[in-house]
Every structure is written in structure tokens, then in C-alpha cells.
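*Asks:* So that we are looking at the same thing, I have put the structure below in C-alpha cells.
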Amino acid sequence: MKLKRTQLINIAIILLLALYFFTPIGFHAKVYLNRLISHNPVPVAERTQEVLEDYDFKLVDAKGNRVNLMDYKGEVVFINFWATWCPPCVAEMPDLQLLYNSYGEKVTFLFIARDKEERVTNFLVKKNYDLPVYFESGFTPKSLYSGALPTTFIIGKEGNIVVAETGSADWNAESVRDLLDGLIK
């Protein structure tokens, strides 16, 4: 049975789509693509900034240490919801690590994994990341809830949600650093 040219092209397209969607090669291609299309996050306009009212957000790290967002009220807080299976999340991790390296002493970073603890631990070790990762142990405040990953919030000292960004972004951009510098003052 001899296949026509259009049939061969259709088979090739199906194979490429299968590779993209169902194999590790596809995962890495999605990560690379997200790195290419990531953008600089934009602060929420001051007049539309929501103020975080509910700081009761319980978290636990891989060692079992418990924290509550309430412990950081009055500080600049950077919250990133992510997972190891999420290509845009993985794509922005190198920039987040660089930002954390620069601001880890001045800003409270809470990287909240929506994933299995073992997978997260293995991922962090494999990639040599030392980010402070937590898992939710209570309800997420309504102002911080998003069904999409990655989602990142930057909260100012007065509780204003200054940045609410969904999707991959360049978190090590000069504009982000300028924003954090302004919030820290």
C-alpha cells in the first residue's frame, strides 16, 4: 500500500504533535518557548490595587516547619504559585532564583508549590535551586487565589497587591528590581 503525499504529511504532523504534547521533549520545548515569550510583569495601577485583608494563609515547608502569611504582615512579600509539571513555571524559575539571590534578605519570598512534595524536592535538587518552597496547609485567601499557574503576587508593606501576574514573566528584569527597591524603602 503506497501512501499519498498528503497522508505522509498528516502522519508527520500527528507524530510531531504527539512528541510535543506527550513526551519530555515536548515539555522542554514548552519551557523553552515560554522563556522566549516571557514578558516584564506590570504593576497594578495604584487606583485599582486591591488591599490584602485576609493574611491568614497557613503554609508548611518540606521539613514540616509551619508559617503563616500573617507573620509577614507589614513586609514586602513576593508570592509565586507554581508546579514542576507546569512548563511556564519551570521557564521562569531561573529568573526567580536570580531575583531571590539578590533580594532574599530584603523581601519575603514564598514559593508555593501545587505539586507533590517529593517531585518538588527532586526538582529543586536537580536544578540546584535554593528557593524557600512551601505547600498550602489551609485555605488560600480569596485575594490570592488563582486556578492558573504560574501566578505571582507582590504585596507592599501596607498590604497593597502591587503585582498580580499570571503566566511566565521575566522576574529578574530591571523594572521588577526597581519596583522592589521602591517598595523596600
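*Asks:* Only one of these conditions is not met by Val125: (1) without any contact (Cβ under 8 Å) to a residue 40 or more places away in the chain; (2) crowded, with 21+ Cβ neighbours inside 10 Å. Which number is it?
*Replies:* Of (1) without any contact (Cβ under 8 Å) to a residue 40 or more places away in the chain; (2) crowded, with 21+ Cβ neighbours inside 10 Å, only one is false for Val125: (2).
*Asks:* Could you say whether any residue in the stretch 93-112 is at positive phi and either without any contact (Cβ under 8 Å) to a residue 40 or more places away in the chain or touching a His at 6+ places or on another chain (Cβ under 9 Å) (or both)?
*Replies:* Within the stretch 93-112 (the criterion being at positive phi and either without any contact (Cβ under 8 Å) to a residue 40 or more places away in the chain or touching a His at 6+ places or on another chain (Cβ under 9 Å) (or both)), the answer is no, since none of the residues qualifies.
*Asks:* Going by what's in this entry, would Ala18 be described as among the aliphatic types (A, V, I, L, M), under 29 Å from Ile155 (Cβ atoms) and either modelled with pLDDT of 65 or more or outside the structural domain of Gly167 (by TED's automatic domain parsing) (or both)?
*Replies:* So Ala18 fails the test.
*Asks:* Filter the stretch 98-157 for residues that are of a type in the set (Gly, Ala, Ser) and in contact with a Phe, Trp or Tyr (Cβ under 9 Å, 6 or more places away or on another chain) and give the result.
*Replies:* Ala113, Gly138, Ser143, Ser146, Ala148, listed by residue number.
To keep it simple, each residue is scored yes or no on (1) touching a residue at least 40 places away in the same chain (Cβ under 8 Å); (2) surrounded by 16 or more Cβ atoms within 10 Å (Cβ to Cβ); (3) more than 24 Å from Ala91 (Cα to Cα).
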position	(1), (2), (3)
Phe153	yes, yes, no
Gly159	yes, yes, yes
Glu165	yes, yes, no
Asn172	yes, yes, no
Arg177	yes, no, no
Gly182	no, no, yes
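*Asks:* Only one of these conditions is not met by Val120: (1) outside any strand (DSSP E or B); (2) over 17 Å from Leu59 (Cβ atoms); (3) among the hydrophobic types (A, V, I, L, M, F, W, C); (4) in contact (Cβ under 8 Å) with a residue 24 or more places away in the chain. Which number is it?
*Replies:* Every listed condition holds for Val120 apart from (2).
*Asks:* Which of the residues belonging to the stretch 84-111 are more than 14 Å from Phe27 (Cβ to Cβ) and part of a helix (DSSP H, G or I)?
*Replies:* Glu92, Pro94, Asp95, Leu96, Gln97, Leu98, Leu99, Tyr100, Asn101, Ser102, Tyr103
The values are calculated or read from the model by the stated rules, or taken from the named source; none is laboratory data. Since the model is a prediction, treat every value here as computed from it, not as a measurement. All Cβ positions, even for glycine, are placed from backbone atoms using ideal geometry, and neighbour counts span all protein chains on display.
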